[in-house]
Amino acid sequence: MTGVRKHNWTIGILAGVVASAALVSGSEFGNVHSYALHPKLVAWISAATLLVSGVIATRRIAGGLGHLVTLRSIAAAGAAVRLLATGIGYLVVVFAVFAVLEVSIDHLLVGAGLAGVVLGIAAQQSLGNVFAALVLLLARPFKIGDHVRIRSGALGGVFDAWILEVSLTYVTLRTDDGDLKIPNSAMLAAGVGQLPGTRADPVMPKADLGQLPDVDSPGPERQMP
């Protein structure tokens, strides 16, 4: 699997280099509005090469980034990073192709800007939780199975909890009152400190064995009168 991942990264980087070369050659030597045939061919061939190699580079590099995040956190976070990187890469490729073909993108930029503002306002809280999840996964102030103390006025003060799950929108905690789902943005703004008792499986926290009777040992002998 390691060899396959390195192969994907190599293909992605090489495809990115080819896409960059096609962008430069198409911009410098191509002209779709020229009366001569040669500049038109250069522009169209460069645009086609840029599109194909750009898509390949985007898919390979986005897949590599998603795999790295999955190794450090969870599969859902890796899928989100892969989706985000793919969207950004495709957007860059589209604008680069338009630049080679000398297509005016002023109206596209205005429309994309308005759409981005509307979507950003409508999904402000959800996007905030997603970006907070990325920060938590990269900074790693805690991980699944940790026993932590959380200080936050918005969450009701100070309380102790076990980290059960970290997703794109919520952090699942186990407290004395039961399981809680805390938005990632609230966890990012809270103060979190490690407590003793961290272990790999937080589903059933171990009880204090010193307070439990030993069922294998016989009880105290009763004296006969």
Within region 107-126, identify whether any single residue is under 25 Å from the mean Cα position of the chain (by Cα) and closer than 30 Å to Asp176 by Cα, and answer yes or no. yes
So is Val97 free of Cβ contacts under 8 Å to residues at least 60 places away in the same chain and surrounded by 16 or more Cβ atoms within 10 Å (Cβ to Cβ) or not? yes
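Does Lys181 satisfy being modelled with pLDDT of 85 or more and basic (Lys, Arg)?
Details: modelled with pLDDT of 85 or more: yes; basic (Lys, Arg): yes.
The answer is yes for Lys181.
Looking for whichever is modelled with pLDDT of 90 or more and of a type in the set (A, V, I, L, M, F, W, C) here; the options are Ala43, Ala21, Ala36. Which one fits? Walk me through it before giving the result.
Values: Ala43 fails: modelled with pLDDT of 90 or more; Ala36 fails: modelled with pLDDT of 90 or more.
Being modelled with pLDDT of 90 or more and of a type in the set (A, V, I, L, M, F, W, C) holds for just one of Ala43, Ala21, Ala36, which is Ala21.
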Exactly one of these conditions fails for Ala122: (1) surrounded by 18 or more Cβ atoms within 10 Å (Cβ to Cβ); (2) small (Gly, Ala, Ser); (3) free of Cβ contacts under 8 Å to residues at least 12 places away in the same chain. Give me its number. (1)
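The values are calculated or read from the model by the stated rules, or taken from the named source; none is laboratory data. Note that this is a predicted model, so its numbers are computed, not measured. No Cβ is skipped: glycine too gets one built from the backbone with ideal geometry, and neighbour counts run over all protein chains shown.
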